[in-house]
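Below is one structure; the comments refer to it alone.
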Amino acid sequence: MRRYWALYLAILALALAGCSHAPPPAADPDLTAEIRRIRAIDNHGHPVRITQPGEPPDRFFDALPVDNMEPQSDPVNLRPNAPSIADAWLALYDAGHVDQARKQSVMHQKGDAYPERVLDRMGVDVMLANRVSMGPTIQPPRFRWVPYADALIFPLDNTALGAVNSDRKSFFALEDQLRARYLQDAGLSARPATLTEYLSRVVTATLEKQRQGGAVAEKFEAAYLRPLTFDKVDRATAERLYAAKATPNQPADYKQLQDFLFRYIAAECGHLGMAVHIHTEAGAGSYFDVAGANPLNLESVLDDPGLRKTKFVMLHGGWPFIGEITALLTKPNAYLDFSAQDLARTPDALSRTLREWLEFVPEKILFATDAYPYIPEMGWEESGWMAARTGRQALAIALTGMMRDGEITRPRASELARMVLRDNARALYGFQ
């Protein structure tokens, strides 16, 4: 009898277990499918131009290429053996593993249309191309230009700044080259003698030329070169520092000139209808000053009444300063994107960050990938595809959680998805 009851209870337990419901998926399937179909606007990428035989490789995808830096301990998702790399190669080239020959074959077949094909595979309608210059195969309307302004805020001798470490040494050398290019474009072989001339003939002239060339924003990578604390400095002080025969002996003095020039450029961007993009995340390299990239360093800039016409986009969402950057979203001219976070972090981890932002000021959040040629296994194409997939997954998880907790309705979830993936960027840049 005891054996009978034991058998009965065992069967009953199995039956009850079979009747139990599996936990719901982290993301609502219908919402996930809808998000996958939305043609996104990618707020930040570094697409690489297709070059012709005999032409040197394109190096204008970044003013400060990270392949010049000393090695660092790479995040797991940026390593050559990251599992999602194989998924990207399958989606982009129908190859289940890294196959450079197959990739070159696809590039050859598609020719000049190859970069647009990559956007199509990413589900991206328009990518803001953060490049020194545009060129054949990287052109509007699918690619919109975001050039660099950092070189303009370092007009003096930067030898001492570059001596801090090897990364900054190589970076300031590159900035000097770019500034020389801007001077040449202005018809100059050396910087003008006075600040007034420098502002009119070089700074404003460069910004106007870039705007006329289709630029929708200016990018600052300043966090790789110095902290993001740009104080307000009067014109007379800046003129005195600029006119000095030699670079000021004290770094704090040179910083004042840089601070003045940053705010001048930001104001000019506002007048020209361009946004200002700023790197606000722990960056590449073993020497990167993480604390210096804290977005709270920008608060006085965002609070400057003279800069309220300028829209500032804090790229990469300020990681690891998630809470700090959330608080800044109440500033009327502050926006952010989550580029790079959707490459380095998991969908679950990113979803918690997205939910915090969506529950606060959702119209300021922009989808972006930071598509970039990191390593041979992960070029701008693969990193862009991987980031786009993770970003969409994270968004679906965040919105599903908000629905299940009764914070939003299903129609509102659809609306928020379109805002993040597309509509917020359209409103910010005036895209049709």
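The values are calculated or read from the model by the stated rules, or taken from the named source; none is laboratory data. Not measured: the values here are computed from a predicted model. Methodologically, a virtual Cβ is constructed for each residue, glycine included, from the backbone with ideal geometry; neighbour enumeration extends over all protein chains shown. Heads up: the accessible areas ignore ligands, DNA and RNA and are worked out on the full protein's heavy atoms, side chains in. Shrake-Rupley method; radii C 1.70, N 1.55, O 1.52, S 1.80 Å.
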Express in Å², to the nearest 10, the accessible area of ARG102 obtained by rolling a 1.4 Å probe over the protein heavy atoms while all chains stay in place. 80 Å²
Quick check: from the Cα gyration tensor, does region 62-168 come out rounded (a/c under 1.5), prolate or oblate? oblate
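How would ASP30, ASP259, ASP348 rank on accessible area, largest to smallest, probe 1.4 Å?
Highest to lowest solvent-accessible surface, that is ASP30, ASP348, ASP259.
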Using only the heavy atoms of the protein chains and a 1.4 Å probe, how would LYS364, LYS309 rank by accessible area, largest first? LYS309, LYS364
Output the 0 to 90 degree angle, nearest 10, between the alpha-carbon long axis of helix 83-93 and the longest principal axis computed from the alpha carbons of the chain. 80 degrees
Rounded to the nearest Å, what's the spacing between the alpha carbon centres of region 75-146 and region 281-319? Just the number, please. 28 Å
Can you tell which of VAL216, PRO251, GLY270 lies farthest toward the positive end of the dipole of region 181-283, using +1 and -1 charges on the Cβ of basic and acidic side chains (Lys, Arg; Asp, Glu)? PRO251
Once normalised by the length of region 335-432, the mean sequence separation of its alpha carbon contacts under 8 Å that are 6 or more apart gives a contact order in percent of 32 percent
Under the Debye formula (equal points on every Cα, no solvent term), log10 I(q)/I(0) of region 282-430 at q = 0.12, 0.17 Å⁻¹: -0.51, -1.01
Within the chain: Cβ-based charge dipole about Cα centre, in debye rounded to nearest 20 (Lys, Arg +1; Asp, Glu -1): 660 debye
Direction-averaged shadow area of the convex hull around the Cα atoms of the chain, nm²? 26.0 nm²
Looking only at aspartates and glutamates whose Cα falls under 17 Å of LYS255's and that sit 8 or more positions away or on another chain, we get ASP150, ASP157, GLU175, ASP176, GLU221, ASP231, ASP234, GLU239, ASP289
Hey, with R₀ at 41 Å, roughly what FRET efficiency would SER105 and ALA26 work out to, going by the Cβ-Cβ distance, to 0.05? 0.65
How much space per residue, in cubic angstrom, does the convex hull of the C-alpha atoms of region 155-256 take up? 117 Å³
Leaving ligands, DNA and RNA out of it, report the carbon-plus-sulfur percent of the accessible area of region 120-201 at a 1.4 Å probe. 54 percent
Give the lysines whose C-alpha is closer than 17 Å to that of LYS331, dropping any in the same chain fewer than 8 places away, or say none. LYS309, LYS311, LYS364
Going highest first, how would you order 126-138, 87-99 by mean Cβ packing within 10 Å? 126-138, 87-99
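What size of dipole, in debye to the nearest 20, comes out for region 166-276 about its Cα centre when the only charges are +1 on Lys and Arg C-beta atoms and -1 on Asp and Glu C-beta atoms?
The dipole magnitude comes to about 120 debye.
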Net charge dipole size for region 336-432 [Lys, Arg +1 and Asp, Glu -1 on Cβ; Debye, nearest 20]: 340 debye
Which one, GLY384, ALA398, THR369, is farthest towards the positive end of the dipole of region 362-432 when Lys and Arg carry +1 and Asp and Glu -1 on their Cβ? ALA398
Please check: in the Gaussian network model of the chain (C-alpha springs, under 10 Å), which one of LEU119, LEU241, LEU399 has the largest mean-square fluctuation. LEU241
For the chain, what does -39500 (n - 2.57) per DSSP helix run (n ≥ 4), summed and divided by total residues, give at 222 nm, in deg cm²/dmol to the nearest 500? -13000 deg cm²/dmol
Each label sits 7 Å from Cα toward the beta-carbon; between ALA427 and ALA160 the label points are separated, in nm, by 4.6 nm
What accessible area per residue, rounded to a whole number of Å², is obtained for the chain using a probe radius of 1.4 Å? 44 Å²
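Below 8 Å between Cα atoms, with a sequence gap of 6+, how large is the relative contact order for the chain in percent? Don't jump to the answer; show the numbers that get you there.
Values: 725 pairs, mean separation 87.5, N = 432.
Over the chain, the number comes to 20 percent.
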Quick one: grab the alpha carbon gyration tensor of region 352-432, order the square roots of its eigenvalues as a ≥ b ≥ c, and give me rounded if a/c is under 1.5, else prolate or oblate depending on whether a/b is larger than b/c. oblate
State whether region 124-171 is rounded, prolate or oblate according to the following rule on the C-alpha gyration tensor (a ≥ b ≥ c being the square roots of its eigenvalues): a/c under 1.5 gives rounded; otherwise a/b larger than b/c gives prolate, and the remaining case gives oblate. prolate
What's the center-to-center distance, using Cα atoms, between region 374-397 and region 163-242 in Å? 32 Å
Per-residue HN-Hα couplings for region 345-361 [Karplus 6.51, -1.76, 1.60; θ = phi - 60°; Hz; x = Gly/Pro]: 10, 7, x, 5, 5, 5, 4, 5, 5, 4, 4, 4, 5, 5, 7, 10, 9
Which whole-number percent gives the relative contact order of region 108-193, counting Cα pairs below 8 Å spaced six or more residues apart? 18 percent
How are the alpha carbon pair distances in region 239-331 distributed across 5 Å bins from zero to the largest one, expressed in percent? 2, 12, 19, 19, 18, 16, 9, 3, 1
If packing is taken as the average number of other Cβ atoms within 10 Å across a peptide's residues, how do 421-429, 176-184 rank, most packed first? 421-429, 176-184
